[in-house]
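Undergrad: I have a structure I would like to understand better, so I am pasting it below and will then ask my questions one at a time.
Every read-out reported here was derived from the displayed coordinates using simple, explicitly stated rules and does not represent laboratory data. None of the values given here were measured: they were computed from a predicted structure.
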């Protein structure tokens, strides 16, 4: 099949994080959609389109979608028979076998061959039945849809699989309570929007230490602060300046010579980059959310900025700030209005963050929709699917440059 003849411009490619028991990201399920179709192209019978989509991953490059993490890919039955999976790097992918695939001798033979070659096999939306035991003998990961199920139901489902070597992955985990239940039942991986959702208790005051962090963040993000004042401000915060200098001098940044001061660092890498690093350090301080939230903040920030540029905004850097701060509600467990109300932000940024109103608010809601795979909502942007997809992939690439600091913020 000549992949170059495929119409890649009509395809959206996204991802959804998969976390380990310590809430560290271990991989992403790669999501895809043909924007001209009415539903996600995941049906086993639509093999021709599915082939185009998988080849799109190869054309874009998995590293641009998942970085250094594992890519969880839905694999139609015909891919097993045609041996297309063997074109994928075995150390970078997890092959998800759809729940519609039956364990026929031919399917089991193909899976056994892939397993012997070192590929990781996952069973998607698995529901136990005796006829699926051959699958369980080969599987490394079993994904269980936990949405709407009681603790007793989940306990029964996990008990049926416990004698096999596969690790359990809970998918569609929507709340912290469900996450804790699944963890107690021995599930090892977790997928869903539970860590996106802020645990807000109305009327609860923002703790004093977080108030100080917000004030610090406000000074860093103040659009009216001069270069000299920002450098002086960061330099006077010993912890902040130490962390920035340590990262600037790390191998991942790759500067030609050692940097000894914040002023020198700002001149060499740019004040905007210093501002972003400083903001991330402050946002990572004293929080109990997964580091993936900071990755999301970076991707949102860059994608919002790109949308702002494409839509002709006079100050696309405001779009960047909006995207970066859009995760504060989740990080700090207070309402966005309370968190940003005292920050020195422009009115349109505040309106976008609090109400998702105006042109900036529309951009932010579109970026949030993209990351959740709600791609039909993107039509209001009036941009081509290919343009929006490229913005997303480029934003992931850009965010990956900050990964060392995100993984080790202290």
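Undergrad: Separation of the stretch 313-339 and the stretch 340-377 by C-alpha centroid, Å?
TA: 8 Å
Undergrad: Explain nothing, just the number: relative contact order of the stretch 208-407, from Cα pairs under 8 Å at least 6 residues apart, as a whole percent. If you can, show how the numbers build up before the last one.
TA: Numbers: 195 pairs, mean separation 44.4, N = 200.
Reported relative contact order: 22 percent.
Undergrad: Quick check on the chain: helices-only [θ] at 222 nm, where DSSP H runs of length 4 and up contribute -39,500 (n - 2.57) each and the sum goes over total residues. Nearest 500, please. Write down the numbers at each step before the final one.
TA: Working: 20 runs with 203 residues, N = 410.
That calculation yields -14500 deg cm²/dmol at 222 nm.
Undergrad: Once you've got the GNM for the chain with C-alpha springs shorter than 10 Å, pick whichever of 149, 368, 24 has the biggest mean-square fluctuation.
TA: Among 149, 368, 24, the largest mean-square fluctuation in the Gaussian network model of the chain belongs to 149.
Undergrad: Using alpha carbons only, how many angstrom separate the centre of the stretch 215-254 from the centre of the stretch 113-154?
TA: Centre-to-centre distance over Cα atoms comes out at 47 Å.
Undergrad: In percent, how large is the relative contact order of the chain, given Cα pairs closer than 8 Å and 6 or more residues apart?
TA: After rounding, I find 16 percent.
Undergrad: What is the stretch 228-306's relative contact order, in percent, from Cα pairs under 8 angstrom and six or more apart in sequence?
TA: 23 percent
Undergrad: Taking every DSSP beta bridge with both residues inside the chain, roughly what % is antiparallel (nearest 5)? Intermediate results must be reported in sequence, preceding the final value.
TA: Numbers: 11 of 33 bridges.
Of all bridge pairs located within the chain, approximately 35 percent are antiparallel.
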